[in-house]
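S.K.: Below is one structure. I have some questions about it.
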Amino acid sequence: MAKLLVIIVSGKEAKEKAVAGLVFAANSIKFKWAESVEIVFFGPSEDLLVEDENFREMVISQLGDYKPLACKFIADMKGYADKLGFTRLEYIGELVNRFIDEGYTPMVF
């Protein structure tokens, strides 16, 4: 069974793509379509999480107890850290490479 790394980078300009990635990832977890799923919000998608309350609530409701990853560098740079408490803030660059080394298939939305 596959291990999936779902990287959501789409922001306000492509919210539909971010929603598609979120729903795919949430269903992959819920229906056990993959052995393991990691979800990463990175770049413009972090703006979307902070600025769009509807999207943020969708993320929280779709993922339940699962806490997605978000980029700590961007959160710190933009002052988002306190608004992303429902995520795991990490430095994403090295982490993405490690997941790929561990056999995760990256999917970017």
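S.K.: Which residue is surrounded by the fewest Cβ atoms within 10 Å (Cβ to Cβ), if the candidates are limited to the stretch 21-36 and must be among the aliphatic types (A, V, I, L, M) and under 12 Å from GLN62 (Cβ atoms)?
M.R.: VAL23
S.K.: Also, quick follow-up: Check the stretch 13-36 and report whether any residue there is of a type outside the set (Val, Ile, Thr), under 20 Å from ASP82 (Cβ atoms), modelled with pLDDT of 95 or more and under 12 Å from the mean Cα position of the chain (by Cα). Write out each step before concluding.
M.R.: In the first step, residues of the stretch 13-36 are kept if they are of a type outside the set (Val, Ile, Thr); the result is 13-18, 20-22, 24-28, 30-36.
Okay, now just the ones that are also under 20 Å from ASP82 (Cβ atoms), so none.
Taking every residue of the stretch 13-36 in turn, none turns out to be of a type outside the set (Val, Ile, Thr), under 20 Å from ASP82 (Cβ atoms), modelled with pLDDT of 95 or more and under 12 Å from the mean Cα position of the chain (by Cα).
S.K.: Being more than 13 Å from VAL108 (Cα to Cα) and part of a helix (DSSP H, G or I) is the filter here; which residues of the stretch 45-56 pass it? Let's see the steps before the verdict.
M.R.: Filtering the stretch 45-56 for residues more than 13 Å from VAL108 (Cα to Cα) gives 46-56.
Scanning the stretch 45-56 gives GLU46, ASP47, LEU48, LEU49, VAL50, GLU51, GLU53, ASN54, PHE55, ARG56.
S.K.: Inside the stretch 63-98, can you point out the residues that are farther than 25 Å from GLU16 by Cβ and of a type in the set (Phe, Trp, Tyr)?
M.R.: The answer is PHE73, TYR91.
S.K.: So if I check each of VAL108, VAL59, which one is under 11 Å from the mean Cα position of the chain (by Cα), surrounded by fewer than 16 Cβ atoms within 10 Å (Cβ to Cβ) and not hydroxyl-bearing (Ser, Thr, Tyr)? Talk me through it step by step, then tell me what you get.
M.R.: Working: VAL59 fails: surrounded by fewer than 16 Cβ atoms within 10 Å (Cβ to Cβ).
Result: VAL108 is the single residue among VAL108, VAL59 that is under 11 Å from the mean Cα position of the chain (by Cα), surrounded by fewer than 16 Cβ atoms within 10 Å (Cβ to Cβ) and not hydroxyl-bearing (Ser, Thr, Tyr).
S.K.: Of all the residues that make up the stretch 1-20, how many are among the small types (Gly, Ala, Ser) and within 21 Å of GLU102 (Cα to Cα)?
M.R.: Going residue by residue through the stretch 1-20, those that are among the small types (Gly, Ala, Ser) are 2, 10-11, 14, 18, 20.
Next cut, within 21 Å of GLU102 (Cα to Cα) only: 2.
Residues flagged as among the small types (Gly, Ala, Ser) and within 21 Å of GLU102 (Cα to Cα) within the stretch 1-20 amount to 1.
S.K.: Could you tell me how many of the residues in the stretch 1-25 are part of a helix (DSSP H, G or I) and more than 22 Å from GLU51 (Cβ to Cβ)?
M.R.: Initially, the stretch 1-25 is screened for residues part of a helix (DSSP H, G or I), giving 12-25.
If we keep only those that are more than 22 Å from GLU51 (Cβ to Cβ) as well, we get 24.
Count: 1.
S.K.: Report yes if some residue within the stretch 26-44 is over 28 Å from MET1 (Cβ atoms) and assigned to a helix (DSSP H, G or I); otherwise report no. So that I can check it myself, show each step before the final result.
M.R.: Of all residues in the stretch 26-44, those over 28 Å from MET1 (Cβ atoms) come to 43-44.
After this cut, where a residue has to be assigned to a helix (DSSP H, G or I) as well, the list is 44.
Yes: the stretch 26-44 contains one or more residues that are over 28 Å from MET1 (Cβ atoms) and assigned to a helix (DSSP H, G or I).
The values are calculated or read from the model by the stated rules, or taken from the named source; none is laboratory data. Not measured: the values here are computed from a predicted model. Methodologically, a virtual Cβ is constructed for each residue, glycine included, from the backbone with ideal geometry; neighbour enumeration extends over all protein chains shown.
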